[in-house]
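Single-structure report; data block below.
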Amino acid sequence: MSHLRAAIPLLAGLVACKSGTASGPRAEVCPLASGSTAPARAPTTPAFRILVFSRTLGFRHASIPAAITAVQVLGAFHGFGVEATEDPTAFSDSNLARFAAVVFLLTTGDVLDSAQQTAFERYIRAGHGFVGVHSASDTEYGWPWYHALLGATFASHPAIQQASVIVVDTGHAATRTLPLPWVRTDEWYNFTALPTGVSVLTRVDEASYTGGAMGADHPVSWQHTYAGGRAWYTAMGHTACSYSERPFLDHLLGGIDWAAGVP
């Protein structure tokens, strides 16, 4: 984690502070860290590899480039390999077998065909990991297995605004360094129903913002084992500024590690 903290100034300088809203692109003003740190050279043989998938056939977040860059820099500093693609043919048995986890990063719409879905199901059943970020829950509405893996389905959201995130599990790699409470700005998703059979890591305090529709127990990140694999999801990460925010990057890194099976 010390390498990650050294990387934060670099991440802040790399991400472009642009994001999207339902009405179109919206400029962001992000608090950028000062200074610059050269990225560490990734090991010749990384500890593991992840596939980052960001295909969109619905709304497309302008923050996707910043998000991909952030994950790539996390990998360089944390010793894991990152391959980013929007090509659905990457979802074949032989290709998926190269990765410890697959990240659906700001995906939307029906991004995989039936053969690719089946290959991904086999991949999870073989004991691999899944990470969903933000609009991963606004993806593949006609694939019930996927939404059971993820844990919930997007329903709606209010305007982007500041809210307080309450850490439920303070011992997890994705939460143990987070502020208590964690006050941040994002697009706060409502879901069609509360996730069941998951371990909730954080929830958002609906009293701290307007437009929440889930009640007092409004989870925004969680994990569970499903069908032999591991699934971790965060509803946060709409804005490009998220990807230059140290607590959010700590959160995302912990989720990737857990999904990849890192102790």
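The values are calculated or read from the model by the stated rules, or taken from the named source; none is laboratory data. Values in this document were obtained by computation on a predicted structure and should not be read as measured data. Because the Cβ atoms are built from the backbone with ideal geometry, glycine has one as well, and the counts that use them run over all protein chains shown. Side chains included, ligands, DNA and RNA excluded: accessible areas come from the protein's heavy atoms. Shrake-Rupley method; radii C 1.70, N 1.55, O 1.52, S 1.80 Å.
For this structure, a couple of remarks:
- Test for residue 243: is it among the aromatic types (Phe, Trp, Tyr), at pLDDT 95 or above, crowded, with 22+ Cβ neighbours inside 10 Å and within 15 Å of residue 63 (Cα to Cα): yes
- Qualifying positions in region 207-231 - open to solvent by less than 50 Å² (accessible area, probe 1.4 Å) and in a loop (DSSP other than H, G, I, E, B): 209, 211, 212, 214, 215, 218, 227
- Residue 126 of a type in the set (A, V, I, L, M, F, W, C), over 18 Å from the mean Cα position of the chain (by Cα) and crowded, with 16+ Cβ neighbours inside 10 Å: no
- Test: residue in region 184-199 that is touching a Cys at 6+ places or on another chain (Cβ under 9 Å) and of a type in the set (Gly, Ala, Ser): no
- Among the residues of region 161-199, those identified as farther than 17 Å from residue 250 by Cβ and surrounded by 19 or more Cβ atoms within 10 Å (Cβ to Cβ) are 163, 187, 188, 189, 191, 195, 198.
- Conditions (1) under 23 Å from residue 226 (Cβ atoms); (2) touching a helix residue (DSSP H, G or I) at 6+ places or on another chain (Cβ under 9 Å); (3) not aromatic (Phe, Trp, Tyr); number of the one not met by residue 83: (1)
- Any hit, region 69-85, residues being surrounded by fewer than 16 Cβ atoms within 10 Å (Cβ to Cβ) and at pLDDT below 65: no
Let's see how each residue does on (1) touching a residue at least 40 places away in the same chain (Cβ under 8 Å); (2) over 13 Å from residue 232 (Cβ atoms); (3) open to solvent by 30 Å² or more (accessible area, probe 1.4 Å):
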{"residue": "101", "(1), (2), (3)": "yes, no, no"}
{"residue": "104", "(1), (2), (3)": "yes, no, no"}
{"residue": "113", "(1), (2), (3)": "no, yes, yes"}
{"residue": "130", "(1), (2), (3)": "yes, no, no"}
{"residue": "142", "(1), (2), (3)": "no, yes, yes"}
{"residue": "155", "(1), (2), (3)": "yes, yes, yes"}
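- Looking across region 208-231, just one residue is of a type in the set (A, V, I, L, M, F, W, C) and closer than 18 Å to residue 179 by Cβ, and that is 220.
- Residues (in contact (Cβ under 8 Å) with a residue 24 or more places away in the chain and either polar (S, T, N, Q) or within 22 Å of residue 154 (Cα to Cα) (or both)) located in region 72-87: 85, 86
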